[in-house]
Amino acid sequence: MSGKPLEKLVIAGVELHSRLFVGTGKFASPQAMAQAVEASGTELVTVALRRVDVRDPHDRTLAALDLTKYRLLPNTSGARNADEAVRLARLARAATGTAWLKLEVTPDPNYLLPDPIETLRAAETLVAEGFVVLPYINADPVLAKRLEDVGCATVMPLGSPIGSNRGLRTADQLRIIIEQARVPVVVDAGIGMPSHAAEAIEMGADAVLVNTALAVASDPVAMARAFRLAVQAAELARQAGPGPVSDRASASSPLTGFLHESKGASA
Amino acid sequence: MTTFADTMEQLDLAEVDARIAAATEQDVARALARERRTIEDLAALLSPAAAPHLEQMARRAAALTEQRFGRVIQLYAPLYLSNECVNKCTYCGFSHELPITRRTLSVDEVLRDARILHDEGFRHLLLVSGEDRRHVGMAYLIDVVRALGTLFESIAIEIQPLREEEYRRLVEAGVDGIALYQELYDAERYNLYHVAGPKRHYRNRLLAIEAAARAGMRSLGIGTLLGLGHWRREAWCLGLHARHLMRHFWQSRLAVSFPRIRACAGDYTPDLPVTDPEFVQMLCAMRLFLPDAELVLSTREPAHLRDGLLGIGVTRMSAGSRTDPGGYTAADHAGEQFEIEDGRSPAEIARLIEARGFEPVWKDFDRAFVAPGPP
């Protein structure tokens, strides 16, 4: 490998070797999910507390995952306000032992867009209680800084609404978030194709989280591999140091070339 | 705030019929091509002009459902608390004047049925009753919900309309959802079937779901009982109602149901039956118009149709249901509300769902959302 290696991805002191995080919802079966997770090469898997019974050792979703290979990232999707999210988080930590939490406060059940006010409130409480908080947010640069200031471990801005597969519609805002961030930026939601994931990493995001694109693919395992390769390709491209983007062809004869020409020759 | 009851009072149903009847194939094509559909598009999709495009509608509906909900089907079970009822409704097996065995479960009996459903795997429970406050009043309901404790993750009710403060008390006790079907949006026809009792008041019934939403019910179930009214008109009004609730109660999830009427103790046969292709057209039209709504299919529908509709747009199903109080445990059965068409057990339904490439989901909610957990 040539070029400058990327900075390691470290969240709360834990180094993650894959920049692809995977969600576990919407799959046709727990087995299909587990195979896709495996093929993705991920090290971080998010699970909706709404969907699993963390107190049940035989829960089908949890049982399908080899939790010696992946770090579990419980999420609070379905919570409508900070209080609900905090309650769920405490239960999850008590049952699973992990303090990592993907904070999702989505009062609108249709587009599942995150509530910035309640998310910030919940983050304050949870950070104070020792949780490693990874908040799902709209691509709002000021909110990202506020969450960073209260001690969140990452920020997870959306590319477009959850499940929409529409790609990085928030690209301009994402660029600002990435430029300003002190914590890792994980682009979450709306990533429908491997090219979207690559675009996010090329843009400078530290990681991406993908779920629907894998779950509803005809072949989730093949799609998981495609995402894995796309993320790796984008990492490699960043290391390779891409040339600048221009909207026109660059002149092969420089306009300022005359400065280097001898005076005598120009007459 | 304008209530939906106000909207319905101003609506000219003849004009709605005319709009649906006038829809052309071009209107249908336009409706199909759009990403977000208007109420005019719904009229086109419900029209006779859409019938030749049923396969195309089904494909679009299936793709939308998969993208939004994934390859999953949520399972729930109804638990009938009581078949006592003060209403006289010509189509219902619980109708006041019918000589059926009447019964209201004690809290212990409810728990007995509930444990069976829990053992079968259910974590989403729907408490159902006829409408009689003397038997199913607030104190009883709260006792039942408290006794159920943490056995179920989600508890919804399908009972008589209540007042907002009563709904609030139930929400506080741990009820998170309500189903309250208007049955018929056509007020004139509504009066033909709801002959006596409080259910005769069309407007009161229509207002109650909004009271429940204001009280904090997270899941709102609305529906029309097919067979009583003109289905295209009814479906269009159902769509309009759904959109009204989504705009005004943006934090509640909407569940839409359109059961077809079945035989019961009243020996009722539908006046305006809906054929299978019409039923599928309606379901597809609802999905295309409401990409985010849960579409519910009960065991009223026969097995072959339920199997076929699995991949098209349905997201929530009941299984192994009994519609008589105590039906899951009692040796002697009380009068049932309607006959079950799909009598397969929950385990059989779950296997079928898996065989069709979907995951049966028993838990899609958590009690911790509504009930205070550990400190």
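Just so you know, all these numbers are worked out from the coordinates, no wet-lab data involved. What you see is a predicted model; the values in this text were computed from it and never measured. In this analysis, Cβ positions are derived from the backbone assuming ideal geometry, glycine residues included, and neighbour counts consider all displayed protein chains.
Could you please report the charge total around B:Pro270, scoring K, R as +1 and D, E as -1 over all other residues with beta-carbon less than 11 angstrom from its beta-carbon? If you can, show how the numbers build up before the last one.
Values: positive: B:Arg260, B:Arg262; negative: B:Asp271.
It works out to a net charge of +1.
Run through the DSSP bridge list for the protein assembly as shown and note the antiparallel percent, rounded to the nearest 5. List each step's numbers first, then the result.
Numbers: 6 of 61 bridges.
Around 10 percent of the beta bridges assigned by DSSP in the protein assembly as shown are antiparallel ones.
Before anything else, pin down the relative contact order of region A:16-266: Cα pairs under 8 Å, at least 6 apart, normalised by residue count, whole percent. Before the final figure, lay out the partial values.
Values: 485 pairs, mean separation 44.6, N = 251.
Rounded, it is 18 percent for region A:16-266.
Which residue, chosen from A:Leu113, A:Thr154, A:Ser29, occupies the Cα position most advanced towards the positive end of the dipole of region A:16-266, where the dipole is computed from +1 (Lys, Arg) and -1 (Asp, Glu) charges on Cβ about the Cα centre?
Ranked along the dipole, the leading option is A:Ser29.
Using a 7 Å offset from the Cα along the Cα-to-Cβ direction at both B:Asp108 and A:Ala233, what is the distance between the two label points in nm, to one decimal?
Placing both labels 7 Å beyond Cα along the Cβ direction yields 6.8 nm.
Which whole-Hz ³J(HN,Hα) couplings does region A:67-74 yield from phi under the Karplus relation 6.51 cos²θ - 1.76 cosθ + 1.60, θ = phi - 60°, glycine and proline marked x?
Per-residue couplings from phi come out as 7, 7, 9, 10, 7, 8, 10, x Hz.
Mind pulling the angle between the C-alpha long axis of helix B:107-120 and the longest principal axis of chain B? Nearest 10 degrees, somewhere in 0 to 90.
Between the helix axis and the principal axis of chain B, the angle is about 60 degrees.
Report the convex hull volume per residue for region B:233-375, counting only C-alpha atoms, in Å³.
Values: hull volume 23.7 nm³, N = 143.
Here the figure is 166 Å³ per residue.
Between exposed GluC sites (Glu not before Pro) in chain B, where DSSP calls loop and at most 13 other Cβ atoms lie within 10 Å, what's the longest gap? Walk me through the numbers before you get to the answer.
On the way: sites that count: B:Glu35, B:Glu97.
In chain B, the maximal stretch lacking such sites is B:98-375.
I need to check one value: relative contact order of chain B, counting alpha carbon pairs closer than 8 Å and at least 6 residues apart, in percent.
Details: 723 pairs, mean separation 92.0, N = 375.
That works out to 25 percent.
Kindly express, to the nearest 10 degrees and within the range 0 to 90, the angle between helix B:346-355's C-alpha long axis and the longest C-alpha principal axis of chain B.
40
Structure shown: which of A:Lys145/B:Lys363; A:Lys8/A:Lys69; A:Lys102/B:Lys363; B:Lys88/B:Lys363; B:Lys199/B:Lys363; A:Lys26/A:Lys102 lie over 26 Å apart, alpha-carbon to alpha-carbon?
Values: A:Lys145/B:Lys363 35 Å; A:Lys8/A:Lys69 19 Å; A:Lys102/B:Lys363 20 Å; B:Lys88/B:Lys363 36 Å; B:Lys199/B:Lys363 33 Å; A:Lys26/A:Lys102 18 Å.
As for pairs spanning more than 26 Å Cα to Cα, those are A:Lys145/B:Lys363; B:Lys88/B:Lys363; B:Lys199/B:Lys363.
If you line up the long axis of helix B:138-148 against the longest principal axis of chain B, both from Cα atoms, how many degrees apart are they, to the nearest 10?
Between the helix axis and the principal axis of chain B, the angle is about 80 degrees.
Each residue of region B:278-291 in order: what ³J(HN,Hα) in whole Hz does its phi give by Karplus 6.51 cos²θ - 1.76 cosθ + 1.60, θ = phi - 60°, with x for Gly and Pro?
Listing the rounded values in order: 5, 4, 5, 4, 5, 4, 5, 4, 5, 5, 5, 7, 10, x Hz.
What is the Cα centroid distance between region B:288-365 and region A:216-245, reported in whole angstrom?
41
Fewest first, what order do B:Asp108, A:Asp108, B:Asp186 take by the number of other Cβ atoms within 10 Å? Provide the component values of the computation, followed by the final result.
Working: B:Asp108 8, A:Asp108 17, B:Asp186 21.
Starting with the residue having the fewest Cβ neighbours, the order is B:Asp108, A:Asp108, B:Asp186.
With runs of 4+ DSSP H residues as the only contributors, calculate the mean residue ellipticity of chain B at 222 nm using -39,500 (n - 2.57) per run, divided by the residue total and rounded to the nearest 500.
Values: 15 runs with 158 residues, N = 375.
-12500 deg cm²/dmol, from helical runs alone.
Quick one: which residues, 5 or more positions from A:Ala48 or on another chain, have an amide H under 5 Å from its amide H? H modelled 1.01 Å from N in the peptide plane, none for Pro or chain starts.
Distant-sequence amide H within range of A:Ala48: A:Thr24, A:Asn75.
If all Cα-Cα distances of region B:267-338 are sorted into 10 Å bins from 0 onward, what percent lands in each bin, rounded to whole numbers?
Cα pair-distance distribution for region B:267-338, in percent: 16, 39, 31, 13, 1.
Tell me the Kirkwood radius of the protein assembly as shown: reciprocal of the mean inverse pair distance over distinct alpha-carbon atoms, in Å. Before the final figure, lay out the partial values.
Working: mean 1/r = 0.0379 Å⁻¹.
When all Cα pairs of the protein assembly as shown are included, the Kirkwood radius is 26.4 Å.
Enumerate by residue number the trypsin sites (Lys or Arg not before Pro) in region B:5-113 meeting two conditions: DSSP loop (anything except H, G, I, E, B), and at most 11 other Cβ atoms within 10 Å of the site's Cβ.
B:Arg34, B:Arg36
Across 10 Å bins from 0, what is the distribution of all Cα-Cα pair distances for chain A, in whole percents?
Over chain A, the share of Cα pairs per 10 Å bin runs 7, 29, 34, 16, 5, 4, 3, 1, 0 percent.
If you consider only alpha-carbon coordinates, what radius of gyration and Dmax does chain B have, in Å?
Values for chain B (Cα only, Rg and Dmax): 19.7, 61 Å.
List the GluC sites (Glu not before Pro) within region A:166-255 that DSSP assigns to loop and that have no more than 16 neighbouring Cβ atoms inside 10 Å. Spell out each step's value before the answer.
On the way: sites: A:Glu179, A:Glu199, A:Glu202, A:Glu235; in loops: none.
Answer by residue number: there is no such site.
Take the alpha carbon gyration tensor of region B:1-131, find the square roots of its eigenvalues, order them as a ≥ b ≥ c, and report rounded if a/c is under 1.5; if not, report prolate when a/b exceeds b/c, else oblate. Don't skip to the end; give the middle numbers.
On the way: a/c = 2.89, a/b = 1.62, b/c = 1.78.
Oblate is the answer for region B:1-131, as a/c is 1.5 or above yet b/c matches or exceeds a/b.
Between B:Leu79 and residues 5 or more places away or on another chain, which pairs have amide H atoms under 5 Å apart, with H built 1.01 Å from N, and which residues are they?
For B:Leu79, the qualifying residues are B:Leu126, B:Leu127, B:Val128.
Return the sequence-ordered ³J(HN,Hα) values of region B:152-169 in whole Hz as given by the Karplus equation 6.51 cos²θ - 1.76 cosθ + 1.60 applied to θ = phi - 60°, using x for Gly and Pro.
10, 7, 10, 10, 10, 10, 9, 9, 5, x, 10, 8, 4, 5, 6, 4, 4, 5
Among residues other than A:Phe21 whose Cβ falls under 13 Å from its Cβ, what is the net charge (Lys/Arg +1, Asp/Glu -1)? Could the numbers behind the result be given before it?
Values: positive: A:Arg19, A:Arg71, A:Lys102, A:Arg228; negative: A:Glu43, A:Asp188, A:Asp206.
That works out to +1.
Please report B:Ser318, A:Ser18 as a ranked list, fewest other C-beta atoms within 10 angstrom at the top and most at the bottom.
On the way: B:Ser318 23, A:Ser18 18.
Exposure proxy ranking, most exposed first: A:Ser18, B:Ser318.
For chain A, what is the mean residue ellipticity at 222 nm derived from helices alone (per DSSP H run of n ≥ 4: -39500 (n - 2.57); sum divided by total residues; nearest 500 deg cm²/dmol)?
On the way: 10 runs with 102 residues, N = 267.
My calculation for chain A gives -11500 deg cm²/dmol from helical runs alone.
Could you list which residues have their amide H under 5 Å from that of B:Glu339, counting only those 5 or more apart in sequence or on another chain, with H placed in the peptide plane?
It is B:Ala263, by chain and number.
Using Cβ contacts closer than 10 Å as the measure, can you line up B:Ser321, B:Ser257 from fewest to most?
On the way: B:Ser321 25, B:Ser257 21.
Result, fewest neighbours first: B:Ser257, B:Ser321.
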